[in-house]
2 protein chains.
Amino acid sequence: MTVTQRSRIVLFLLPVVLTIARAQTSSEWESRFRGIPSAEKQREYMERLTARPHHLGSPYGRENAQWMLAKFREWGLDATIETFNVLFPSPKERMVELIAPTRYRAALVEPPVAGDPTSSQQSEQLPTYNAYSIDGDVTAPLVYVNYGIPEDYERLERLGISVKGCIVLARYGASWRGIKPKVAAEHGAVGCIIYSDPRDDGYFQGDVFPKGPYRNADGVQRGSVMDMPLYPGDPLTPGVGATGNVQRLPLNEVPTFTRIPVLPISYGDAKPLLEALAGPVAPESWRGALPLTYHIGPGPAMVRLRVISSWDRKDIYNVVVRIPGSTYPDEWILRGNHHDAWVNGAEDPTSGMVAMMEELRAFSELLKQGWRPKRTIVYCAWDAEEQGLIGSVEWAEHHASELTKKAVIYINSDSNGRGFLSMAGSHTLESFINTVAKEIMDPEKKISVWERAKARRLANATGADERKEIRERKDLRIGALGSGSDYTAFLDHLGIASLNLSYGGEEGDGIYHSIYDDFFWFTTFSDSDFVYGRALSQTAGTAVLRLAGADLLPFGFVNLAETVQRYVDELKKLLKSMREDIIERNRQIADSVFFAVDSPRRPTVSPTIEDVPPELDFGPLEKATEALLKSAQQYEDASRAVQESARHLSTRQLRTINEKLIQSERLLTDASGLPGRPWFRHVLYAPGFYTGYGVKTIPGVREAIEQKRWKEAQAEVRRVAGTLVNVARHIDLAADDLSGK
Amino acid sequence: MTVTQRSRIVLFLLPVVLTIARAQTSSEWESRFRGIPSAEKQREYMERLTARPHHLGSPYGRENAQWMLAKFREWGLDATIETFNVLFPSPKERMVELIAPTRYRAALVEPPVAGDPTSSQQSEQLPTYNAYSIDGDVTAPLVYVNYGIPEDYERLERLGISVKGCIVLARYGASWRGIKPKVAAEHGAVGCIIYSDPRDDGYFQGDVFPKGPYRNADGVQRGSVMDMPLYPGDPLTPGVGATGNVQRLPLNEVPTFTRIPVLPISYGDAKPLLEALAGPVAPESWRGALPLTYHIGPGPAMVRLRVISSWDRKDIYNVVVRIPGSTYPDEWILRGNHHDAWVNGAEDPTSGMVAMMEELRAFSELLKQGWRPKRTIVYCAWDAEEQGLIGSVEWAEHHASELTKKAVIYINSDSNGRGFLSMAGSHTLESFINTVAKEIMDPEKKISVWERAKARRLANATGADERKEIRERKDLRIGALGSGSDYTAFLDHLGIASLNLSYGGEEGDGIYHSIYDDFFWFTTFSDSDFVYGRALSQTAGTAVLRLAGADLLPFGFVNLAETVQRYVDELKKLLKSMREDIIERNRQIADSVFFAVDSPRRPTVSPTIEDVPPELDFGPLEKATEALLKSAQQYEDASRAVQESARHLSTRQLRTINEKLIQSERLLTDASGLPGRPWFRHVLYAPGFYTGYGVKTIPGVREAIEQKRWKEAQAEVRRVAGTLVNVARHIDLAADDLSGK
């Protein structure tokens, strides 16, 4: 690329402009960096890391941590293991038995599969279970509750069905799994069984393992059901690192265990249970792909559910690598991926882990060639993610004060596959990560991964307006982060700007959290030649390298402000449509519409008249958003002016400005946290209390509206508005610094 | 109801105002009429009519006709049997065999079911087959083509799959069955197998027979596959009645046979075939509810399909009853339902047939009490509907000139069930049938069936605009008629205003055209106490009685004109969205979007650049519609003025006006017919050439646009506009007559 070309492009890359304009060598280091990650080495690492089950507390999990530690040190890097001691229940007894009208005892076993060598390591495999289910032994009528999310219970109410005193059978999907027992318990259920329906996760999607990549009749999704939307991490040590000497909650005071026993089962085991249900036929959208008529019950199926765990504490091993910064050693660029798995875990998490390892090897090569990052780079291989993001949460809590001061950004990855780049995270980084994506070559198509992601959005767009925006907007929009991986503590608890990166979408999978997520499966059906693993190394590594070397940190606020404006519009629309829906429903109730359409042979319960939600005053949020947009534009203008005048900023000036940029995301948090869940402090992003992984943006306001707490909604409008006004002022100060005012 | 109440209602019932205002006794006769139909008698008739299989040409079909004749005569009615002699192929040999990679011979048999006495009458049952399939014996690779409609083949093209030289496996649904072999042959297929997928018609919907009403693994949908969108009725005698002496086409010149052999199978028989397919996984919307991964093929499944029929001619028996009119004997009110079935046919058609019988018995009672209709009433129990509307088509063709002169209206019914009134037909009768529906009491809810139908539309409405219209519009909109029952010849060929009435929607069914559609099934799962059969008698009978006794026929043109306006808007939107879609797709092709999103492991074929459809000049249609609306309003004003002034019109004046009203629907036809299918003459309504049953409104224009014949589309715009202008002029004349000008 010639200098002329570059100066033209520079206009579109304002946030990183200082870096590119001055440090001619940065882009040379970048392209040298991108040449290093090796697909073949990722394959070797994966084969080693997934050779045996390596869950929290397993011997092989510890061996993996030590092996990585040795590798990183062999590459000349400063690596250590940080250990925490956390609660980890593992099952002693599990039983799901249909006792009437017929008998069937669920197998609860994933058998070995011929041709898949690690699937036979049964002595080391964690049995199929849901961690942090309470112990229990209940016998009760069964009710099918679809996905078991709140709207499913509204539907049940219309059908006149109560789950009180029953065991619910919910299918995986539509929410994070921990929501299902939580909502079931809120409705009086005494037990919860979760199964993978082949409609969502099995033969309906494609050929099943080992013929194809999808879940077979025996595959079970393990997983944690602790109430992570309350707080993730070690249940015994909320808010502090689970080191040896901290005070721990007694088991009977832990609020994040389930209220009722829970077990996951395969669709092979679910079929006899569903076949034994009578009662109303399930609504069409509730029906899965098993060859039967889905009935809801309750009963005549009567089921016994028994779960007893061994409630032990185990050591966990985070492997942490530091590459010290030359100019700004106290500004940290964090990068992480977990290394623990439910069983052998090739896709989840080793596909991301091996990409991250190759980033580290590439950096060790660059270091040997004389490269030095201006900022400190910290790479973390987390343990115990699967049970509740424990490794990252405990580390973040333990180092909270230092991180709050020093952390610039946290870049996360987890599972990786073939296809399209997925980018999500803080909208202060939206422009930045777009510029990175434009530099990465798609291994299949030889166009940039950004171009390919854009093409996919175009192809999937549903209307002309959406397509116009995709075509004309400088940046592809990035998703907001909810939860489900290790960015959570950094973004939501500490207010550290975060990104989550992965490739995927070309291939399906059906081995999630099963013994079949292993090297054989991954190298047969997923990124078998690891070219997208290499692309992930290049993407995340380029981001780290660029951030570590930037003079002015590439934060941008216009996209943030514009995104917040969209969220505020969404909130207004949400309230408006709730009002309209309730007014309309009340009218239909008054007009006896529910009576008239009801079929005597399939009777339903008419809803009752409900108070119409009040109007809320969104004025404070609208004004705050305007202020934010104005400040954001001023900051952008200021940084553009600096660029255009080629004015030199001293290291000290830059440190002052960068410090403000780093703190800008901190200011998007509120120390008192969200209503009812103070651990979550970000005012823009949180996992939904009733979605678990799925994000709720401006959660304080949105969830108050959704849950019809109107006074709280209005108070949250004011609180968030206050926070945003504060951020706007802070950005003004950064702009002033930049303009030398 | 007091007189005061009635006069208030009268303002809303303008089209029938003269009748109500003058003939005080009409409404007394009406309510007396509605008291007569008996549910218990309908049950008795059904038990008799469905006691044995009674398809075209069967001994019991003839016995049924003779039994009805005797009944009608016993009731004192003038009844005759009119016989035609028509082509009826019945199977001699049928075979579907998977010969590779595994072997499976399809059973092609519906076994008797315990508890269902008539299911064991195997010697009299027509085997499972599709009538008017050509004879053939082909062996070829199998391809799954979803519903086998044109858009499915577009999708196959994108997947790079050709059906040329293959046997297609299509599932029932999304079109009339005859479309499937027609489109398959157009794409080069050599055979066609049609099966009932449990997603659409089986356990996915509900419990299967005999536990529930839905189709079990052995149930097969028989049915005709003659190319009815070209012309229905006896394939040998298009356009004329198939009486003994007319000239018949030689078999090899019949254009309505299929081009390739076809057989229907059960999902029990389809499962091994689908399991034997490889190739790409079917798109999500193509997948059914069988417990397997739906692949498309072609192959490796290799299938042999063999069909050989006995190509016989058979006599058919229409039973026709005439009640002569006292004042206007040459104005005929026609009412029909077929009596033939594929097998025992309790739902289809006996549920409608027995309701119609009770209408006749009620009229015979009224006649005994001194009632006389002003117009002649003609009731027809059609034979041979199932094979291609043959009884009604041959009768309509045979009596075409008399019907063209005399027929006021044809009111059809067919299958009937529990629930909601469904009304479809000529929009000149929209207001009229709404006024009838307001008088009929729903047997379950004790509100009018009109109120109940309205409530259902409200409950199902998707937006505020739709709900507002439902709430505020005087009339519920009625659907336009495509095809699929005996109104077709009357409406589409002869231009006789028609209505089709039925109840349903509360219960599902899965016995359509199988041996299980029988008395046991109907009385167990459907309208078991025949209260909706009685409601149908009351609804259709009230319409007949009111039409037969009206002074001024209750035709209205404002709803017609407004409906035509909606159709014209739809046509404009259709063209606009086709243009936009093609422009967008061309742009995406040019921008390599298809290349970028394509997965190398699931390759697709990029579409090619396509000419953008030209703009069409809809001006003539817009002007014609305006003229029609104006004339319609004038006619409505004139009839209102007559009503308000209580001016007396003589029988002769009324005859003149009524004659114009009767002819108004005739004028909506064009003698040269639709492009490529002259038998269909109505310019507003026709079954789609590629939907079979589903209506295409303003078909000349709409299908030319859909099929991208732009010159024809523009010519049709002009032709239809001319027709509508002509109708408008005609309505002006009727208005003038009414105002005494």
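The values are calculated or read from the model by the stated rules, or taken from the named source; none is laboratory data. Only a predicted model underlies this, so the values are computations on that prediction, with no experimental measurement involved. Backbone-built Cβ (ideal geometry, glycine too); neighbour counts: all protein chains shown.
Looking only at residues in the stretch B:272-303 that are part of a helix (DSSP H, G or I) and in contact (Cβ under 8 Å) with a residue 24 or more places away in the chain, which one is farthest from the other protein chains (Cβ to nearest Cβ)?
Filtering the stretch B:272-303 for residues that are part of a helix (DSSP H, G or I) and in contact (Cβ under 8 Å) with a residue 24 or more places away in the chain, the one farthest from the other protein chains (Cβ to nearest Cβ) comes out as B:273.
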**Message:** From the list A:495, A:533, A:556, exactly one residue is in contact with a helix residue (DSSP H, G or I) (Cβ under 6 Å, 6 or more places away or on another chain), part of a helix (DSSP H, G or I) and of a type outside the set (A, V, I, L, M). Which is it?
**Reply:** A:533
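In the stretch A:637-673, how many residues are assigned to a loop (DSSP other than H, G, I, E, B) and either of a type outside the set (D, E, K, R) or farther than 30 Å from residue A:686 by Cα (or both)?
So the count comes out to 10.
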**Asked** If a residue has to be of a type in the set (D, E, K, R) and away from chain A (no Cβ under 13 Å) to count, how many in the stretch B:258-271 make the cut?
**Response** 2
**Asked** If the Cβ limit is 7 Å and pairs must be 6+ apart or interchain, which residue in the stretch B:177-190 that is assigned to a loop (DSSP other than H, G, I, E, B) pairs with which residue that is among the acidic types (Asp, Glu)?
**Response** B:178/B:227
**Message:** Among the numbered criteria (1) among the aliphatic types (A, V, I, L, M); (2) under 15 Å from residue B:428 (Cβ atoms); (3) surrounded by fewer than 22 Cβ atoms within 10 Å (Cβ to Cβ), which one does residue B:695 miss?
**Reply:** (2)
**Asked** Does the stretch B:572-593 include one or more residues that are of a type in the set (D, E, K, R), at the interface with another protein chain (Cβ under 10 Å from one of its Cβ atoms), over 30 Å from residue B:684 (Cβ atoms) and exposed (fewer than 13 other Cβ atoms within 10 Å of the Cβ)?
**Response** no
**Asked** Out of all the residues in the stretch A:142-152, is one or more surrounded by fewer than 21 Cβ atoms within 10 Å (Cβ to Cβ), more than 30 Å from residue A:52 (Cβ to Cβ) and out of contact with any Lys or Arg (no Cβ under 8 Å at 6 or more places or on another chain)?
**Response** yes
**Request:** Restrict the check to the stretch B:194-202 and report whether at least one residue is under 26 Å from residue B:154 (Cα atoms), within 14 Å of chain A (Cβ to nearest Cβ), crowded, with 20+ Cβ neighbours inside 10 Å and acidic (Asp, Glu).
**Result:** yes
**Asked** How many residues does the stretch B:536-553 hold that are hydrophobic (A, V, I, L, M, F, W, C) and outside any helix (DSSP H, G or I)?
**Response** 3
**Request:** Kindly indicate whether residue A:252 is modelled with pLDDT of 95 or more, polar (S, T, N, Q) and either under 28 Å from residue A:489 (Cβ atoms) or crowded, with 21+ Cβ neighbours inside 10 Å (or both).
**Result:** yes
**Fill in**
Of those in the stretch B:448-464 that are farther than 17 Å from residue B:503 by Cβ, more than 8 Å from every other protein chain (Cβ to nearest Cβ) and not polar (S, T, N, Q), the residue surrounded by the most Cβ atoms within 10 Å (Cβ to Cβ) is B:461
**Asked** Hey, among the residues in the stretch A:594-623 that are touching a Ser or Thr at 6+ places or on another chain (Cβ under 9 Å) and assigned to a helix (DSSP H, G or I), which one's surrounded by the fewest Cβ atoms within 10 Å (Cβ to Cβ)?
**Response** A:595
**Fill in**
Of B:207, B:200, B:116, the only residue that is of a type outside the set (Val, Ile, Thr), touching a strand residue (DSSP E or B) at 6+ places or on another chain (Cβ under 8 Å) and touching a residue at least 40 places away in the same chain (Cβ under 8 Å) is B:200
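Is there a residue being closer than 30 Å to residue B:708 by Cβ, part of a loop (DSSP other than H, G, I, E, B) and either touching a helix residue (DSSP H, G or I) at 6+ places or on another chain (Cβ under 6 Å) or not aliphatic (A, V, I, L, M) (or both) anywhere in the stretch B:120-129?
no
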**Message:** Quick check on my filter: what residues within the stretch B:680-707 are among the polar types (S, T, N, Q) and closer than 22 Å to residue B:579 by Cα?
**Reply:** B:697, B:707
**Asked** Would the stretch B:376-384 turn up any residue that is surrounded by fewer than 24 Cβ atoms within 10 Å (Cβ to Cβ) and over 16 Å from residue B:319 (Cα atoms)?
**Response** yes
**Request:** May I ask you to list the residues in the stretch A:410-441 that are β-branched (Val, Ile, Thr) and either in the same structural domain as residue A:657 (by TED's automatic domain parsing) or more than 15 Å from residue A:495 (Cα to Cα) (or both)?
**Result:** A:433, A:435, A:436, A:440
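Return the total of residues in the stretch B:434-447 being within 9 Å of chain A (Cβ to nearest Cβ) and crowded, with 24+ Cβ neighbours inside 10 Å.
First pass over the stretch B:434-447, keeping only residues within 9 Å of chain A (Cβ to nearest Cβ): B:442, B:444-445, B:447.
Narrowing the set further to residues that are crowded, with 24+ Cβ neighbours inside 10 Å leaves none.
The total comes to 0.
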**Request:** State whether the residues of the stretch B:473-480 include one that is within 14 Å of chain A (Cβ to nearest Cβ) and more than 25 Å from residue B:382 (Cα to Cα).
**Result:** yes
**Asked** Of the conditions (1) crowded, with 17+ Cβ neighbours inside 10 Å; (2) touching a Gly at 6+ places or on another chain (Cβ under 9 Å); (3) closer than 21 Å to residue A:168 by Cα, residue A:134 fails just one. Which one is it?
**Response** (2)
**Prompt:** If residue A:516 satisfies every condition in (1) within 14 Å of chain B (Cβ to nearest Cβ); (2) in a loop (DSSP other than H, G, I, E, B); (3) of a type in the set (Phe, Trp, Tyr) but one, which is the exception?
**Reply:** (1)
**Prompt:** Residues in the stretch A:132-153: is at least one part of a helix (DSSP H, G or I) and either in contact (Cβ under 8 Å) with a residue 40 or more places away in the chain or among the small types (Gly, Ala, Ser) (or both)?
**Reply:** yes
**Message:** With away from chain B (no Cβ under 14 Å) and not in a helix (DSSP H, G or I) as the only criterion, which of A:431, A:415 stands out?
**Reply:** A:415
**Message:** If the requirement is being polar (S, T, N, Q), closer than 21 Å to residue A:458 by Cα and more than 14 Å from chain A (Cβ to nearest Cβ), which of these qualifies: B:608, B:656, B:625?
**Reply:** B:608
**Asked** Restricting attention to the stretch A:684-737, and to residues there that are among the polar types (S, T, N, Q) and farther than 20 Å from residue A:664 by Cβ, which single residue is nearest to the chain's Cα centre (by Cα)?
**Response** A:691
**Asked** Looking at the stretch A:311-362, which of the residues that are closer than 19 Å to residue A:389 by Cβ and of a type in the set (Gly, Ala, Ser) is surrounded by the fewest Cβ atoms within 10 Å (Cβ to Cβ)?
**Response** A:352
**Prompt:** What are the residue pairs meeting all of these: first residue in the stretch B:650-677, first residue without any contact (Cβ under 8 Å) to a residue 40 or more places away in the chain, second residue buried (at least 22 other Cβ atoms within 10 Å of the Cβ) and among the charged types (D, E, K, R), Cβ atoms under 8 Å, and 6 or more apart or on different chains?
**Reply:** B:674/B:703
